[in-house]
Each structure stands twice: as C-alpha cells, then as structure tokens.
Amino acid sequence: MKRHNRAALAVAALALVIPVSGCASLLSPHQTAEYHYNGGDGASGSVGDVEVRGLMLITDQEASGPAQLFFTLINKGDSTAEVSIEVSGTTVSESIKAGDTFVQDPMSPETSSKEVVTVDSLKADPGDLVDITVKNGSDEKVFETQLLTDALPYYEEYVPSESPSESPSDMPGEDAGSAAEGTAAANG
C-alpha cells in the first residue's frame with residue numbers, strides 16, 4: 001500500500017472513532033447518576049423509608065367531576081410507617097407495617113382497599129400538574145403528578161362517578177309514554 005493510502009485510511013478511522021467516543025461520554029455514570037426513570041404511570045419517589053409509586057389522579061375529559069386518587073406505598077423500613085397523602089383538601093392516612101406494601105386501586109387484584117378515594121375540590125384542568133403532599137412521620141415531600149383523563153380507553157373504568165342524587169330517577173328503559181299510560185290506567 002502506498003503511504004498516501006495508509007494516511008487516508010488512518011484519517012478515516014480517526015474520523016469514525018472521535019464522534020463515537022464523544023457520544024459514549026454522554027452515557028457515563030457521572031452524567032446519568034441523577035436520572036430516575038419512572039417505568040409506569042403516575043409520579044414516584046421516596047419519603048423516608050417509604051417508596052411511593054404510581055401516584056396519580058384520573059378524572060373525566062372535561063375535569064367536571066371528582067378525580068380518583070391512586071398510589072402504592074412500600075415500607076422499606078424496620079418499623080410501621082404512618083403515611084398521609086393530601087391533595088386539594090382530601091387526606092388519606094395509612095399504616096403500613098415494615099416490609100409491607102399498600103395498594104390503593106380498588107380494581108387491582110393486589111389492592112389493599114376496595115374503597116375509592118375521590119378528590120372533589122380539585123381545581124385543575126386535564127394535563128395540569130397537581131401537587132400531592134406525602135408525609136411519613138417527620139419526613140414530607142411534595143410530588144407533582146399529571147391529572148389524567150379517560151381520553152385513553154384504559155382509564156375509562158377509573159373515572160369516579162358523581163355522588164348519587166337525593167331523588168330517585170325513572171327506571172332504566174322506561175319511557176315517558178309507558179309511564180303516562182300506567183298512570184292513566186291506575187286512575188281510570
């Protein structure tokens with residue numbers, strides 16, 4: 001091989017190595033150590049010895065009704081944790097034994113509570129970030145979680161319904177004509 005060809009090959013190899021080695025520095029532990037990947041829906045983090053996962057609110061597309069609150073608490077400590085979660089005036093308190101997990105999702109087979117937790121006085125639009133305060137003893141952290149809606153089909157079943165009305169409504173499937181005929185027959 002001629003000297004010019006060798007020099008050209010060396011320059012070409014160096015031209016390939018320099019950009020690749022520069023990209024590799026972006027993946028170094030020094031630059032990615034602070035990055036926390038949240039692999040699911042909702043916010044996550046830790047408050048003392050308790051890990052908070054899947055902290056989220058779901059409402060209807062217009063945000064006209066209440067929102068349902070979801071969360072999972074994992075006690076990694078050596079003693080029972082007294083955890084409270086507060087959002088827009090609604091507070092939920094749970095006692096989680098050491099090593100236990102508490103799941104607030106009434107439709108999940110792993111749920112710890114079949115009770116639906118609703119937030120009625122939420123003043124947020126769909127997509128807004130909502131502050132949720134989680135306290136574990138003297139430790140406290142404010143999480144920002146997005147207000148999700150039933151725009152995605154898999155959230156439809158999680159939208160809480162309005163409170164039941166005080167007065168009964170007509171029976172389903174009964175139309176006004178048949179109700180009037182029944183009343184006329186009873187009076188006539």
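Read-outs throughout are calculated quantities, based only on the coordinates presented, and are distinct from any laboratory measurement. Just so it is clear, the structure is predicted and the values come from calculations on it, not from any experiment. Cβ coordinates were reconstructed from backbone atoms using ideal geometry, including for glycine residues, and neighbour counts include every protein chain displayed.
Brief remarks on what is shown
- A crude spin-label estimate for the pair GLU156 and SER64, with each label 7 Å from Cα along the Cβ direction, gives 1.8 nm.
- Between SER46 and THR133, the contour length at 0.36 nm per residue exceeds the alpha carbon distance by 30.1 nm.
- Scoring 49-59, 106-116, 3-13 by mean Cβ neighbours within 10 Å over their residues and listing the highest first yields 49-59, 106-116, 3-13.
- What separates the Cα centres of segment 107-129 and segment 55-100 is a distance of 8 Å.
- For segment 55-129, the alpha carbon convex hull comes to 93 Å³ per residue, rounded to a whole number.
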